[in-house]
Amino acid sequence: MLIKAADQSDIAPGGMKALTLSGRELVLCNYEGAFYAVERACGHANARLERGALTGWILTCPLHYAQFDIRTGEALSRPIPKAPASAHPDPAAADLETRGLKTWPVRLQDGAIYVDLP
């Protein structure tokens, strides 16, 4: 079922927007004018991914820096155990498993973004 999620103008290139559709929390990502919908919670520690960084099609988790491909949901890297110098290291992060992200098909129509949810 196609559900209107946002207007294309709501999300700048390289930007993200968190929302809830039909009880599912997801993040819409704009990669060079192509839009992708991925689940909002990170695949290892449930961090809110819209607080991370989107560099091209790679979404980096803000908590332990695991990376995901927004086009497929594939986990590209495991969490990094040592946080940046401004934060405290988290040795437990290395033991966390990282699973890929659930994705949903997106369609664009008349300036709007629709997500195809089952």
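The values are calculated or read from the model by the stated rules, or taken from the named source; none is laboratory data. Since the model is a prediction, treat every value here as computed from it, not as a measurement. Every residue, glycine among them, receives a Cβ derived from its backbone with ideal geometry; neighbour counts consider all protein chains shown.
Structure values in brief
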item: Top-ranked residue of the range 34-46 - restricted to ones that are in contact with a strand residue (DSSP E or B) (Cβ under 9 Å, 6 or more places away or on another chain) and surrounded by fewer than 18 Cβ atoms within 10 Å (Cβ to Cβ), ranked as farthest from Thr72 (Cα to Cα); result: Ala41
item: Hey, Gly52 within 29 Å of Met1 (Cβ to Cβ) and modelled with pLDDT under 95 or not; result: no
item: Search result, residues across the range 78-117 that are within 19 Å of the chain's Cα centre (by Cα), at pLDDT below 90, surrounded by fewer than 14 Cβ atoms within 10 Å (Cβ to Cβ) and of a type outside the set (Lys, Arg); result: Glu97
item: Condition broken by Pro62, with the remaining ones in (1) crowded, with 16+ Cβ neighbours inside 10 Å; (2) touching a residue at least 12 places away in the same chain (Cβ under 8 Å) satisfied; result: (1)
